[in-house]
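Enquirer: Sharing a structure with you now.
Just so it is clear, none of the values below were taken in a lab; they were calculated from the coordinates. Predicted model only: the values in this text are computed from it and were never measured. For neighbour counting, all protein chains shown are included, and Cβ atoms are generated from backbone atoms with ideal geometry for every residue, glycine included.
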Amino acid sequence: MTDLSALNARFGLSGQAVFKQGSGGLDVVEVANSRGSATVALQGAQVLTWAPRGLPPVIWLSRAAKFVPGKSIRGGVPVCWPWFGPHATVATLPAHGFARTVPWEVIGAQTLADGATRLDFRLVLNEAARAQWPHATLLECHITVGTALEIDLVTRNADRSAITIGDALHTYFEVSDIRQVTIRGLEGCPYLDKMDAGKRKQQAGPVTIGAETDRIYLDTGADCLIDDPGLKRRIRIRKRGSHSTVVWNPWIEKSVKMGDFGEDGYLNMVCVESANAADDVVTIAPGGEHHLWVRYETEPMN
Ligand code: BG6
């Protein structure tokens, strides 16, 4: 059990960042400042909501999301680490690693000069995690909430030998109607099509979605744009330290099977994930570190 009053005494920012119990008894920190607002769950250091001040939500959180300790939450920005997708050799290990389902420690909170709020989290590997990942590794997640949402996921290798990780900021973006949305930035990229036995293909033109879509775009550090004429806005995704971009929408049948998407929830979301996936994993030398960094912003679209 977290001591919320101790957290508020140490890291609460009066009127800007409050630690409280959220849905399902999971602890969250609620941020509201002159530039934007967000909710972040301490489990997984998972951003659940974010909106620039006075604008509609940018991050999608399922209306049917389940908030259960130790289970992943459908929506927001799950942190996938230290592998992406199924584990390479052990089928019983959890998909997308364990970082998203364990509690993180809060190590800092501050108001920045421009009025944005920065939150710092650290993942201390417990015994169960070490059984899945027997490497001395330090993981931090720095989240800045303002007119932009910035996330910096930092992996430090404290081991004596090199480690190889996969990771992703598995962001669910809110859209007015997925059938009207265009994703730009991946034109000409090779990708693995999980809907077609992982076949390698090449993207022609912008990405549009009208059926279940699950793709890993390879060898791309490009920024992406989600054009949403219904909301008259464009979401700009900037990234660094990411060599793959995953685009995912489960469509009707799969979302019904998943049971936590809500009716027609799939119509209002798209995952555009800044990742290091498939062969684009990252090797970190002893003493070295890797940053997976993203910045999301919106702009009006005519
Ligand atoms: C995506 C994967 O990143 O995450 C999909 O490409 C997967 O294959 C999806 O279905 C959701 O995963 P999960 O574990 O959160 O249900």
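Enquirer: Can you tell me which residue within region 230-254, out of those that are more than 19 Å from the chain's Cα centre (by Cα) and within 15 Å of the ligand (Cβ to nearest atom), is surrounded by the most Cβ atoms within 10 Å (Cβ to Cβ)? Full working, then the answer.
Expert: Kept after step one, since they are more than 19 Å from the chain's Cα centre (by Cα), are these residues of region 230-254: 230-233, 251-254.
This time we only want the ones that are within 15 Å of the ligand (Cβ to nearest atom), so: 251-254.
Numbers: TRP251: 17, ILE252: 13, GLU253: 11, LYS254: 14.
Across region 230-254, the extreme among qualifying residues is TRP251.
Enquirer: What's the total number of residues in region 214-239 that are out of contact with any helix residue (DSSP H, G or I) (no Cβ under 8 Å at 6 or more places or on another chain), assigned to a strand (DSSP E or B) and either without any contact (Cβ under 8 Å) to a residue 24 or more places away in the chain or under 22 Å from ASP177 (Cα atoms) (or both)? Break it down into steps so the answer makes sense when it comes.
Expert: Going through region 214-239, the residues out of contact with any helix residue (DSSP H, G or I) (no Cβ under 8 Å at 6 or more places or on another chain) turn out to be 217-227, 231-239.
Right, trim to assigned to a strand (DSSP E or B) and you get 217, 224-227, 233-239.
Still in the running and either without any contact (Cβ under 8 Å) to a residue 24 or more places away in the chain or under 22 Å from ASP177 (Cα atoms) (or both): 224-227, 233-237.
Residues meeting the conditions: 9.
Enquirer: Using the structure shown, decide if GLY108 is within 22 Å of TRP293 (Cβ to Cβ) and surrounded by fewer than 18 Cβ atoms within 10 Å (Cβ to Cβ).
Expert: Details: within 22 Å of TRP293 (Cβ to Cβ): yes; surrounded by fewer than 18 Cβ atoms within 10 Å (Cβ to Cβ): yes.
Criteria met by GLY108.
Enquirer: Just one of GLU127, GLU140, GLU105 is more than 16 Å from the ligand (Cβ to nearest atom) and within 15 Å of the chain's Cα centre (by Cα); which is it? Before you say what the answer is, go through the steps one by one.
Expert: On the way: GLU127 fails: within 15 Å of the chain's Cα centre (by Cα); GLU105 fails: within 15 Å of the chain's Cα centre (by Cα).
One residue alone meets the criteria, GLU140.
Enquirer: Let me ask something else about it. Assess whether VAL18 counts as being within 24 Å of ILE226 (Cβ to Cβ), among the aliphatic types (A, V, I, L, M) and outside any loop (DSSP other than H, G, I, E, B).
Expert: Working: within 24 Å of ILE226 (Cβ to Cβ): no; among the aliphatic types (A, V, I, L, M): yes; outside any loop (DSSP other than H, G, I, E, B): yes.
Against the criterion (within 24 Å of ILE226 (Cβ to Cβ), among the aliphatic types (A, V, I, L, M) and outside any loop (DSSP other than H, G, I, E, B)), VAL18 does not qualify.
Enquirer: Hey, another quick one. Are any residues in region 36-84 within 13 Å of the ligand (Cβ to nearest atom) and either touching a Pro at 6+ places or on another chain (Cβ under 8 Å) or polar (S, T, N, Q) (or both), and if so, which ones?
Expert: The answer is GLY44, GLN46, SER62, SER72.
Enquirer: Is it the case that some residue within region 149-162 is of a type in the set (S, T, N, Q) and closer than 30 Å to ARG234 by Cα?
Expert: Here is the first cut: in region 149-162, the ones of a type in the set (S, T, N, Q) are 155, 157, 161.
Subsequent filtering for residues that are closer than 30 Å to ARG234 by Cα retains none.
Scanning region 149-162 turns up no residue that is of a type in the set (S, T, N, Q) and closer than 30 Å to ARG234 by Cα.
Enquirer: Which of (1) among the aliphatic types (A, V, I, L, M); (2) surrounded by fewer than 17 Cβ atoms within 10 Å (Cβ to Cβ); (3) more than 13 Å from the ligand (Cβ to nearest atom) does MET258 not meet, given it meets every other one?
Expert: (3)
Enquirer: Pick out, from region 109-207, the strands (runs of 3 or more DSSP E) lying fully within it that include 1 or more residues that are free of Cβ contacts under 8 Å to residues at least 12 places away in the same chain.
Expert: On the way: elements: 117-123, 137-145, 149-157, 163-165, 167-169, 172-174, 182-184, 190-193, 199-202.
Qualifying strands (runs of 3 or more DSSP E): 199-202.
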